[in-house]
Structure formats: C-alpha cells, structure tokens
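The values are calculated or read from the model by the stated rules, or taken from the named source; none is laboratory data. Just so you know, these numbers come straight off a predicted model, no measurement behind them. Heads up, the Cβs are rebuilt from the backbone with ideal geometry, glycines too, and the neighbour counts pull from every protein chain shown.
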Amino acid sequence: MNDSIYEHLVSRVRKPVDYIIRGLTVAALVIIFGLSTIYLAQLALIVLAVLGFLAYTFIFKRQNVEFEYTLLNHDLDVDVIFNREKRKKRISFDFQAAEIIAPSQSPRLNSARFERVVDVSSGLKDANTYTAIINLDQRMTKIIFEPDQGMLDFMKPWMGTRMYND
C-alpha cells in the first residue's frame, strides 16, 4: 500500500469563561461545605468529597483540550483529547469533497453558506486558521482548523484549485 499519513496536535487555550466556571464551581463547593457542616454535620465530608470528585471529573478535566489532526491520504480525522488521557473522535471527512479550503480571514469565504460551525482550532485570535466548507450529513458545515505548513503542503496536491493560501 502507498498510504501517506500526517499528524498534527493543537492545544486549545483556555477562555475566560473556563476560568469563571472553575471559580464558580469552587465557590459552590465552599458554600455547600459551609451549609452542610451546619445542617448535616456528620455527612459534610462525604457530601463534599462526592461533589468535589464530580466537579473534577466532569468540569476540570474537560477544560484541558487538545485537537489531533490525522491526515491519511485525503481523509482528515480530528480527535479531541481531554486532559491528555481521554480521546474522542470529533469529526472525520474527506477533504477532497470540500467546496473550498482557505484561510479563515479570506474574502473568498464571504459568499459561503453553511448551517453549522465546527471549531477545532486553538482559539487564539492571531492563529493561522483555515476554513473548510463541506457537506457533512446533508448539512453544509464550516470547519475551522489550524494546520501547520507541513499539513498544508500535504493537502495541496489532493485539493488542487479548491485550496487557497491567500
């Protein structure tokens, strides 16, 4: 087989909302502990331990996010990695089926119509993000991703004139 593969990892930066959620979670745990020591003196530590574990598992671990792009020939798979230990498939598509791939700030994308947006980039404002407009599951989808130069060089022969580097 003559398959070509390319992998690239991008870490998502924490947004201000993430810090607010963390602060509110800790504040809620402190308030619950204070109220539980007054009304449920014997169960206070058990209640706090269970709620702390749930907060850590479902809130704090979900805020450390990385995206792994895997290109196998002309298929792009994007996996999301939570806290560097749990992997989940985010999106998978054949980028040859894309109508256009261009830098996200490109005027070529102004006329593009889409129904949903999938952002798998780092979230930095000055990042070199690209946008792919593709039909996925009978819906036009705008996919924002952050390739490096090696990934762009890998994609260019497969895309031809539908990929722009403005």
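Yes or no: the stretch 142-164 includes at least one residue that is assigned to a loop (DSSP other than H, G, I, E, B), of a type in the set (Phe, Trp, Tyr) and either at pLDDT 90 or above or within 25 Å of residue 4 (Cβ to Cβ) (or both). Show your work before the answer.
Our first condition is that a residue be assigned to a loop (DSSP other than H, G, I, E, B); within the stretch 142-164, this holds for 146-148, 164.
This time we only want the ones that are of a type in the set (Phe, Trp, Tyr), so: 164.
If we keep only those that are either at pLDDT 90 or above or within 25 Å of residue 4 (Cβ to Cβ) (or both) too, we end up with 164.
Yes, the stretch 142-164 has at least one match.
Among the residues of the stretch 93-110, is there at least one that is hydroxyl-bearing (Ser, Thr, Tyr) and part of a strand (DSSP E or B)? No, because not a single residue in the stretch 93-110 is hydroxyl-bearing (Ser, Thr, Tyr) and part of a strand (DSSP E or B).
Residues being in contact with a strand residue (DSSP E or B) (Cβ under 9 Å, 6 or more places away or on another chain) and either surrounded by fewer than 16 Cβ atoms within 10 Å (Cβ to Cβ) or modelled with pLDDT of 85 or more (or both): count how many of those fall in the stretch 35-72.
First, pick out the residues of the stretch 35-72 that are in contact with a strand residue (DSSP E or B) (Cβ under 9 Å, 6 or more places away or on another chain): 61-72.
Retained after the next criterion (residues that are either surrounded by fewer than 16 Cβ atoms within 10 Å (Cβ to Cβ) or modelled with pLDDT of 85 or more (or both)): 61-62, 64-72.
Adding up the residues that qualify gives 11.
The sole residue among 154, 95, 114 that is of a type in the set (Phe, Trp, Tyr), touching a Ser or Thr at 6+ places or on another chain (Cβ under 9 Å) and within 16 Å of residue 78 (Cβ to Cβ) is 154. Applying the condition of being under 20 Å from residue 156 (Cβ atoms) and among the polar types (S, T, N, Q) to the stretch 112-144 and asking which residue is surrounded by the most Cβ atoms within 10 Å (Cβ to Cβ) yields 131.
Results for (1) loosely packed, with under 13 Cβ neighbours inside 10 Å; (2) within 29 Å of residue 58 (Cβ to Cβ); (3) under 15 Å from the mean Cα position of the chain (by Cα), shown as yes or no for each residue.
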site	(1), (2), (3)
80	no, yes, yes
91	no, yes, yes
109	no, no, no
149	yes, no, no
